[in-house]
Each structure stands twice: as structure tokens, then as C-alpha cells.
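The values are calculated or read from the model by the stated rules, or taken from the named source; none is laboratory data. Keep in mind that what you see is a predicted model, and the values were worked out from it rather than measured. Backbone-built Cβ (ideal geometry, glycine too); neighbour counts: all protein chains shown.
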Amino acid sequence: MTSGTDVWKGYLLAWDEPYTLIQSPFAKDGTRVFGADSDYTTLAIAALQHRNTLGEAIECISLADGVNGSIFTMATGVEMADEVTYDSCKWDLLIGDDATVVLIQRDVQIELPELETHVEVDDDFHMAIANAWEKELQDGHVSQGAYVSSSQYIEGGVARMALSGQQFGELLVWPPRQLNEKGLREDGRVSLTPVGNVASWTKLSAAGAPSEFSLRAPLLGGLTTVLLDLEDGPKGVFLMVDDEENVIKIGDSVELVVRRIYAQEGMIRYGLRGRII
Amino acid sequence: LVMVDVAVVGAGQTKYGNHSLGLKGMWAEAALNAFESVDGDFSPSQIDEAFIGSIAFGGSQLGNTAALLTEHSAMDGVPVRRVENACASSGFAFRDAWMAIKSGQADVVVAGGIEKMNDLTPERKRFWLGVSGDTEWERLAGLTFPGTYALMARRHFHEFDSNHDDLVHISVKNHAHGAMNPLAHIQKQVSFEKAAGGFMVADPLTLYDCCPTSDGASCVILAADHVVKQFTDTPVWVRGSGAASDRLALHDRPSITQIKATAEASKKAYQQSGITPRDIDLAEVHDCFTIAELMATEDLGFAKRGEGGAFAREGRGVLNQGDVTINSSGGLKSKGHPLGATGTGQIVEVFKQLRGEVADGRQVRDAETALTHNVGGSGATCAVHVLGRERQ
């Protein structure tokens, strides 16, 4: 196995045989901080996804508190360790005091590398976004946005987080249907490649954005949404992430990464969002 | 089985805009205007059945909306139901009314629609404006209807010879028509320069590409051929009714530069009425956004596919100047868009146009045949009707 450093899913990455270190590229006063829609869960998912690209078959993992286990499993297919399975799991996922996550083989002692690159964030922007998320997550906050119930959200979770599609004969469909084109239940689930080209895009002004985003859209200068022709065939509509500096064009290549979307009823709704490659 | 023919014998509406009246008052006004528009003797007691389109925006009377309305318009006891198909609710209410008579189960039927939109906070309004799109995928990707139509516009510009200036032409035209319509929400002309430089809502769509949110109600009275004479000597015949549905979400459609439901619905309506798009003198087209009108001119067959931009640029939909007058009322852009009321509001306009009852320089010359086009959401549902002075 090779070791190295890279940018992966919008995060900074270093890896070697016994570990994957992943960090937010943003910093404030020298400390790593999360971007507008990232947290330990999104970092953890990205770390595991990278490990998969190395051919590492991780089946079970012990997750640190602070990582949403059910979201992690929906996105990666990897089970969290519980009291029964803990001893048989060979990997731990640890979180740092800052926006850092380490996926590491159990009982390995190693000095992790320092990743120097970072983007200094605006203090006011960072605080305002953090406050907006906190307010969105409060029990008393009632979203005026689209009501996607928790059961509906979870039913579509694997499709939303892991880009799981459905094969109907020659036809590849995403998101999956409840019944196939003949009206029958069929479970030909396939994972699609999370890459596509921009078929169209728009940037909604803060005033025009859906009201579930009303706390954050003004801070972000609006919301950018793309219609992607996915590499494997189907189309999908995705919100972009960390796109303040990007100018999008039809035909641009976009990769899909797991990030926060919005919060409802005290629950953060995660999903795939687009990043220009 | 002998199928009856169906005619519109009365039609009325409120002014569209910001109303001080609530649901009950607006509906009563529209119904009374429709009753009074009947040339002969008419009593609400003659109504056999009623269909009222509404999203029930705001949720103030989400259940049994229709019964509340008949109670307040002298239609007590009439079998009634709310028809909900997003912005195409009353287009489908009209189709249901037509089918009730066609089937022989009713002779006199009311179709109408209503929406009260401007008594909500901006946040609640934005919630209700989004309930008819694909909630699970599009909405969670940050899209509202301006966003979905913006995606269509940008793709159309990419695939065909069209651009934002073409949309500006549509906006300017519809405002010019609406400025002459005393029932329109926005009764003022807008210059090309002003419309081109509007506040960006969803790039590339500006404020002048988007219809306003309006309060309003509309009501029409349909009658079977064997009772029409009781009511009028100048009925407006329903010559064709077509409807279709499509995938709710844009990402499930093969193309986003065409509203397939419109193409399918119009094909059926043309077939039934035995006419072609060239026979249409005026069309009330669902221009919730200017790009929607541009695409509709293609989907309805007034322009070839990809040539909707040129159609708009060359003024081929301008009142009494082009191939066909598009949105003589001002359309949704200027007349306004009280969601549930829009479909039957379009019927009110063509009823008056075909009977030569429109004043203020807005009358379409020699209008014989008209079309209405009512779309739900971003094209998941569509109802198209062909109406004419002649029975066939």
C-alpha cells in the first residue's frame, strides 16, 4: 500500500497502511474548523470512502461519539461496532478537538503527520453559520420548509447518501422506485459512481431560496443547485457545497460528497452535494 | 351511447391581486359574476354538480374547502369537491365538470377555482409555494419553482437559439396586455430595459420573469347541449379536452426543455376538436415563468421545437399582430396567478374573447377558436382545452 497526502471530497487527507487522517481545509486562528456544512460525520464518511478506494474491506468500525452512526452506515454500508462486535472490529474512528478525524487500526501507535495547507475563514461568517445551525437544531425551532418526515428521509437514505440506484433490465434508475416499470418489487440495487457533468444550474437568491434554508442562505449569498448527468446515466439534482468562489458552467465535472443539507425536528438531514472537480 | 356536447354559458371572476376579502367573500364574488353573466334566466338551484380547484394555500381550510364555498354562494346542497392538482387544479376541475356532463350524469355543472395567498408571512408563503414540487429530492436540493424553471431556461439557452432577451420580450408583451385588463393583478407596462435588469431571483430568471402571488377566484358554468338554449344564444363550446401527467421531478424526465404533459395533453385536445395549432386565434398559456411560455409555444405547436425563442423575439404572440395572440389577459405574469383559480380564470378570458365582450383595445379580432393551457408545478400535470364559437 502506498502512503500519501491529497485533497479528497473537499477535505485534506493523509494516509498510510494503518491510518487515514482527514481534516477540514478551513482554519481560524490556526485551529481547524468545519466548513459551512461539514461536521465529524461528513469527515468520517469521507475517510471511510477513501479507505475503500485503497481496496481495504472494512466491515466493522468503532465510532467515536460525535459521529452519527446511522448516517455513517447508510452512506458507507459499514456497520458500527456494538458491545458484542467491538472486539472483532479492527478499526477505530477517532475525532480530534478540532475538525479532524482519524480512521486507525486498533492498538496502533503512530505519530500522525501535520497537514499545513489551510484556508483562513472569516470570523464573523464562521460564527454566523455555526449559530444558524445551532438555532436550526433547537427543539423549539419549527422549520417552515418542506416536510420530509424522518421515515421518508430514512427510506431514501441509502440512495441519498451512497447514490444507490436500481437496475431494471437495461434501465438504470436513480433514485430507486418502489415498484419497477412492470409494477413489481425488484431489488437490483447498484451503487452509482458519484461523479457527473453539469446539465444545467441555477443560483437562487437568498430571498428565493426554500424557507428551510432561510437562516443560512443569506450568509452564503444564496444557494447554487445543479442538474447533473451522472456518469452512469441517470440524472440528479444536487445542492452545491463550498462553492462561493466557483463559477459554474454547463459541462463542468462535479463530484458528489456527503454534507449537511438542513435540520428538521432536531435532526440533521445529510445528503450528497456537489463540488466542482 | 350518444355523447352530449358541452358549452360554457357563464363565466366570472374577481380581480386578481391583494384582496381584502377572504376565501368566502372572493368565491361569492366570482360565483355571482358568473351567475350574472348568463344571458338568460339562471338560478344556482339548477346546478347539478360542482368542482372547485384549490391548493388550499396556507392551510386555513385544508379539508372540505369546497363545501365551505358552496355554502357561501347560494349553492347549498350541490354535490361538490375540491380538486387539487397544484397550479392546474381548476384546469382539471373544468375537465371534471366537462366529463360529468359528457357522461350524462349532469346537465349544469360549475367549475371554479380559488386561492388566498397574500395573508401569510413570507416564510409560510415560501413553504406553500414549494409544496407542489418534488419535496424529497428537488426541495432538499434547495429548489423552489423559480429554481426548477431556471434550470429549464438555462438548458434551453444551451441547446437552442434562445436567450434571456427572448424571455424579456415575453414579459414585456404580457405586461402590455395586462395593462389593458382591469382584472389583472399588475396593470402596468414594463420597458424592455427595466425587465432585462430586474432583481435576480434564480439565475437566469429575474423578478420580471416570475409571476406574482395573487389572491383571486374564478367560476364558470357549463351546460349540456340540450339545455344550453335556456341560458344563452351565444354559448362557447368546449371542443376538446386533453390532459396528461409526467414525472414529478426534473431528474426523472428525459428532457427538461420540453413539458411532455403539455405536448401530450394538447395532442389529445387538438385531435378531439379536429383542429391544428394554426386554427387557434388566441391562447391563454401557463406562463408562471416566462420560460414556461417560451416552452409552451413549442409544446403546443405554435412554434417548432427549439424555435420558441425566435417566436417571442419576432412578436408572434402579440395581441392582433402575430400568428396567434398569446395571453391577451396578461397571463399569469401580469394578470396574476392565484394558483387554484388560474385554470378557470383562463376559461373566463377566452369565454369573453370568443363572445366579443372584451373592451379597452384588448379584444382579439375575429376570435373563433381559443385554447387554454394550465400546468401543475413544473409540468407534472397539464390540462389543455380548445373552445370555440362553433359547436364543431
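Among the numbered conditions (1) farther than 21 Å from A:Ala75 by Cα; (2) within 11 Å of chain B (Cβ to nearest Cβ); (3) without any contact (Cβ under 8 Å) to a residue 40 or more places away in the chain, tell me where A:Pro218 comes up short.
(2)
Name every residue in the range A:177-213 that is more than 8 Å from chain B (Cβ to nearest Cβ), under 19 Å from A:Leu227 (Cβ atoms) and outside any strand (DSSP E or B), in order of residue number.
A:Leu192, A:Thr193, A:Pro194
Look through A:Ala36, A:Ala57 and report the one residue that is aliphatic (A, V, I, L, M), farther than 20 Å from A:Val108 by Cβ and at pLDDT below 95.
None of the others qualify; the one that does is A:Ala36.
How many residues, within the range B:75-121, are out of contact with any helix residue (DSSP H, G or I) (no Cβ under 8 Å at 6 or more places or on another chain) and part of a helix (DSSP H, G or I)?
So the count comes out to 8.
Of the residues that sit in the range A:225-256 and are under 20 Å from A:Thr42 (Cα atoms) and outside any loop (DSSP other than H, G, I, E, B), which one is farthest from the other protein chains (Cβ to nearest Cβ)? Full working, then the answer.
To start, the set of residues in the range A:225-256 that are under 20 Å from A:Thr42 (Cα atoms) comprises A:225, A:237-244, A:254-256.
Among the residues that remain, those that are also outside any loop (DSSP other than H, G, I, E, B) are: A:225, A:237-240, A:254-256.
Details: A:Thr225: 5, A:Val237: 4, A:Phe238: 5, A:Leu239: 4, A:Met240: 9, A:Val254: 13, A:Glu255: 16, A:Leu256: 11 Å.
Result: A:Glu255.
Is the range B:184-206 home to any residue that is away from chain A (no Cβ under 14 Å), part of a helix (DSSP H, G or I) and within 18 Å of B:His337 (Cβ to Cβ)?
Of the range B:184-206, the ones away from chain A (no Cβ under 14 Å) are B:184-197.
Filter again for part of a helix (DSSP H, G or I), leaving B:192-196.
This time we only want the ones that are within 18 Å of B:His337 (Cβ to Cβ), so: B:195.
Yes, the range B:184-206 contains at least one residue that is away from chain A (no Cβ under 14 Å), part of a helix (DSSP H, G or I) and within 18 Å of B:His337 (Cβ to Cβ).
Considering A:Gly77, A:Gly69, A:Gly35, which residue is on the phi > 0 side of the Ramachandran plot and either surrounded by 14 or more Cβ atoms within 10 Å (Cβ to Cβ) or touching a residue at least 24 places away in the same chain (Cβ under 8 Å) (or both)? Lay out the reasoning, then the answer.
Working: A:Gly69 fails: on the phi > 0 side of the Ramachandran plot; A:Gly35 fails: on the phi > 0 side of the Ramachandran plot.
Of the residues listed, the single one that is on the phi > 0 side of the Ramachandran plot and either surrounded by 14 or more Cβ atoms within 10 Å (Cβ to Cβ) or touching a residue at least 24 places away in the same chain (Cβ under 8 Å) (or both) is A:Gly77.
Which of (1) charged (D, E, K, R); (2) under 26 Å from B:Trp27 (Cα atoms); (3) without any contact (Cβ under 8 Å) to a residue 24 or more places away in the chain; (4) buried (at least 20 other Cβ atoms within 10 Å of the Cβ) is the odd one out, the single condition B:Asp215 does not satisfy?
Of everything listed in (1) charged (D, E, K, R); (2) under 26 Å from B:Trp27 (Cα atoms); (3) without any contact (Cβ under 8 Å) to a residue 24 or more places away in the chain; (4) buried (at least 20 other Cβ atoms within 10 Å of the Cβ), B:Asp215 misses just condition (3).
Going by what's in this entry, would B:His158 be described as surrounded by fewer than 22 Cβ atoms within 10 Å (Cβ to Cβ), within 14 Å of chain A (Cβ to nearest Cβ) and in contact with a Pro (Cβ under 7 Å, 6 or more places away or on another chain)? Before you say what the answer is, go through the steps one by one.
Working: surrounded by fewer than 22 Cβ atoms within 10 Å (Cβ to Cβ): yes; within 14 Å of chain A (Cβ to nearest Cβ): yes; in contact with a Pro (Cβ under 7 Å, 6 or more places away or on another chain): no.
No.
Being of a type in the set (A, V, I, L, M) and either outside any helix (DSSP H, G or I) or modelled with pLDDT under 95 (or both) is the filter here, so list the residues in the range B:329-362 that pass it.
Taking the range B:329-362 and keeping what is of a type in the set (A, V, I, L, M), we get B:332, B:339, B:341, B:347-348, B:350, B:354, B:358-359.
Those that are of a type in the set (A, V, I, L, M) and either outside any helix (DSSP H, G or I) or modelled with pLDDT under 95 (or both): B:Val358, B:Ala359.
Would a scan of the range B:271-281 turn up a residue that is in contact with a strand residue (DSSP E or B) (Cβ under 8 Å, 6 or more places away or on another chain), within 29 Å of B:Asp215 (Cβ to Cβ) and aliphatic (A, V, I, L, M)?
No, the range B:271-281 contains no residue that is in contact with a strand residue (DSSP E or B) (Cβ under 8 Å, 6 or more places away or on another chain), within 29 Å of B:Asp215 (Cβ to Cβ) and aliphatic (A, V, I, L, M).
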